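Below is one structure; the comments refer to it alone.
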Amino acid sequence: MTTNAGKNEAIPYLDLVAQMRPLRKEIDAAIARTLDNCSFCLGPDVAQFEKDFARFCASEHCVAFNSGTSALHVALLLLNIGDGDEVITTPSTFVATSWAISYTGAKPVYVDIDEATFNLDPALVERAVTPRTKAVMPVHLYGHPANLDPLLAACRKHNLALVEDAAQAHGAIYKNKVVGTFGAVSGFSFYPGKNLGAYGEGGALVTNSGAFAARARALREHGSTQRYYHDEIGFNYRMEGIQGAVLGVKLKHLDAWTQARRNVAHRYHQLLASTPLQLPREADYAQSAWHLYVVRHPRRDELKKHLEANQVGCALHYPLPLHLQKAYAHLGYKPGDFPVSEKAARECLSLPIYPELTDAQIQRVAAVVQDFFKAH
Ligand SMILES: *Cc1c(COP(=O)(O)O)cnc(C)c1O
């Protein structure tokens, strides 16, 4: 596709090709280096990326994984969370947040979200604490930081750990500090569509604890620090060498990409301000990483059809909250338990947002949205 959006040109919801094209030579060289030294699992490029990403997060340690889900799973294991424990979290997220809890044998305990930011409502967290609660797991959803100070206060009061799911929020800022080190451990995803995406699966945990980092390295590699000697039951959760090489190239561009995402969001704010849509806003404590630009409207389904009919890509994040998923039926929740999350699921619509989106494309998206409200 060309970069200039003509009147009826299709606008993809996500355009990974546009991001890869200018990096292609550097990426080819990085992959060739991995092939030359045959370091396919972990290896020097992964080790270098870990150092670079730790610095990016202003964290002491980064441990690379084969996915964000694995990183979050191990993050909870480091806190010795397991059978019979409870972790308070949000039903309004990608399901992997809750998988990580379930994989340990613990139970996700949901509380509703805050209407303005789609994130865990700190005022509701304390009411969900029981003697079995071990941790609180907020998600920085769509790249917007959860309100961490009141969550941390609740954790201190009840002696709970805080684990950030930062899978969508690389470089997001909460009160002048990048997210990822507010809790004991946090997890990031490098799934291709994330703000920092590998060319395959990838993830990482970051922590300021040397002991946690060392145990995380062992757990991702079959529970061993010495080959063929296994101190505890572990996993094959290693990052591939090629992904470390690709991520090393891409990390250098992340700040510029985040700024470009901010600019896209700013343009949408301007162009959509006069529509009846509820637009996403940053809380005064936050700088979002703008992973997604999620608008809300009661007639979301019709608007979605209108955008699709006009070849404007859009998506739903997420159409069914986790407490209503079949996989979690055994938890015993029912419709109406978390009304803010359920309403968000009915009304949300994600518009295209990525660093390469041109102003002409942004204007066309906005024009198609405006048409909908003129015609309806
Ligand atoms: C993407 C994502 C994950 C999981 O990451 P993977 O790398 O796909 O395993 C976890 N939580 C959230 C909120 C995500 O968006």
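The values are calculated or read from the model by the stated rules, or taken from the named source; none is laboratory data. This structure is a prediction, so every number in the text was calculated from the model and none was measured. Cβ coordinates were reconstructed from backbone atoms using ideal geometry, including for glycine residues, and neighbour counts include every protein chain displayed. Please note that ligands, DNA and RNA were not included when accessible areas were found on the heavy atoms of the full protein model with its side chains. Shrake-Rupley method; radii C 1.70, N 1.55, O 1.52, S 1.80 Å.
Need pairs with beta-carbon distance below 6 Å; first residue hydroxyl-bearing (Ser, Thr, Tyr) and within segment 217-233, second surrounded by 10 or more Cβ atoms within 10 Å (Cβ to Cβ) and assigned to a loop (DSSP other than H, G, I, E, B); sequence gap 6+ or separate chains.
Once the first residue is hydroxyl-bearing (Ser, Thr, Tyr) and sits in segment 217-233, its partners that are surrounded by 10 or more Cβ atoms within 10 Å (Cβ to Cβ) and assigned to a loop (DSSP other than H, G, I, E, B) give Ser224/His230.
From the list Gln226, Gln243, which residue is open to solvent by 60 Å² or more (accessible area, probe 1.4 Å) and not charged (D, E, K, R)?
The conditions single out Gln226.
Of the numbered conditions (1) surrounded by 17 or more Cβ atoms within 10 Å (Cβ to Cβ); (2) more than 22 Å from Val163 (Cα to Cα); (3) more than 16 Å from the ligand (Cβ to nearest atom), Thr207 fails exactly one; give the number of that condition.
Going through (1) surrounded by 17 or more Cβ atoms within 10 Å (Cβ to Cβ); (2) more than 22 Å from Val163 (Cα to Cα); (3) more than 16 Å from the ligand (Cβ to nearest atom) one by one, Thr207 breaks only (2).
Please determine whether any residue of segment 210-218 is among the small types (Gly, Ala, Ser), within 16 Å of the ligand (Cβ to nearest atom) and buried (at least 23 other Cβ atoms within 10 Å of the Cβ).
First pass over segment 210-218, keeping only residues among the small types (Gly, Ala, Ser): 210-211, 213-214, 216, 218.
With the extra rule that they be within 16 Å of the ligand (Cβ to nearest atom), the set shrinks to 216.
Still in the running and buried (at least 23 other Cβ atoms within 10 Å of the Cβ): 216.
Yes, some residue in segment 210-218 is among the small types (Gly, Ala, Ser), within 16 Å of the ligand (Cβ to nearest atom) and buried (at least 23 other Cβ atoms within 10 Å of the Cβ).
So how many residues does segment 246-273 have that are surrounded by 15 or more Cβ atoms within 10 Å (Cβ to Cβ) and farther than 24 Å from Arg364 by Cβ?
Count: 8.
Out of curiosity, is Ala116 closer than 16 Å to Ala283 by Cα and touching a residue at least 40 places away in the same chain (Cβ under 8 Å)?
Working: closer than 16 Å to Ala283 by Cα: yes; touching a residue at least 40 places away in the same chain (Cβ under 8 Å): yes.
Yes, satisfied.
Given the criterion over 21 Å from Arg267 (Cβ atoms), assigned to a helix (DSSP H, G or I) and touching a residue at least 40 places away in the same chain (Cβ under 8 Å), identify the matching residue among Val340, Val365.
Exactly one of Val340, Val365 is over 21 Å from Arg267 (Cβ atoms), assigned to a helix (DSSP H, G or I) and touching a residue at least 40 places away in the same chain (Cβ under 8 Å), namely Val340.
Could you check how many residues of segment 161-191 are open to solvent by less than 40 Å² (accessible area, probe 1.4 Å), of a type in the set (Ser, Thr, Tyr), within 12 Å of the ligand (Cβ to nearest atom) and more than 18 Å from Glu60 (Cα to Cα)?
The number of residues fulfilling the criteria is 1.
Name the residue that is nearest to Pro91 (Cα to Cα), counting only residues in segment 306-328 that are surrounded by fewer than 16 Cβ atoms within 10 Å (Cβ to Cβ) and not hydrophobic (A, V, I, L, M, F, W, C).
Gln325
In this structure, does Gly105 turn out to be without any contact (Cβ under 8 Å) to a residue 60 or more places away in the chain, away from the ligand (no atom under 16 Å from the Cβ) and within 17 Å of Ala329 (Cα to Cα)? Break it down into steps so the answer makes sense when it comes.
Values: without any contact (Cβ under 8 Å) to a residue 60 or more places away in the chain: yes; away from the ligand (no atom under 16 Å from the Cβ): yes; within 17 Å of Ala329 (Cα to Cα): yes.
So Gly105 fits the description; yes.
For (1) within 16 Å of Val249 (Cβ to Cβ); (2) modelled with pLDDT under 95; (3) more than 16 Å from the ligand (Cβ to nearest atom), each residue gets a yes or a no:
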{"site": "Leu35", "(1), (2), (3)": "yes, no, yes"}
{"site": "Cys38", "(1), (2), (3)": "no, no, yes"}
{"site": "Leu42", "(1), (2), (3)": "no, no, yes"}
{"site": "Ala58", "(1), (2), (3)": "no, no, yes"}
{"site": "Phe65", "(1), (2), (3)": "no, no, no"}
{"site": "Gly68", "(1), (2), (3)": "no, no, no"}
{"site": "Leu72", "(1), (2), (3)": "no, no, no"}
{"site": "Val87", "(1), (2), (3)": "no, no, no"}
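Determine whether Ala146 is in contact with a Leu (Cβ under 7 Å, 6 or more places away or on another chain) and among the aliphatic types (A, V, I, L, M).
yes
Looking only at segment 94-129, which residues are in contact with a helix residue (DSSP H, G or I) (Cβ under 6 Å, 6 or more places away or on another chain) and hydroxyl-bearing (Ser, Thr, Tyr)?
Ser98, Tyr103, Thr104, Tyr110
So which of Leu124, Leu160, Leu152 is over 22 Å from Val206 (Cβ atoms) and among the aliphatic types (A, V, I, L, M)?
Matching residue, one of Leu124, Leu160, Leu152: Leu124.
Mind checking which residues of segment 34-65 are part of a helix (DSSP H, G or I) and within 14 Å of Ala198 (Cα to Cα)? Give the derivation first.
If we filter segment 34-65 for residues that are part of a helix (DSSP H, G or I), which is where we start, we get 34-37, 44-56.
Matches in segment 34-65: Asp45, Val46, Phe49, Glu50, Phe53.
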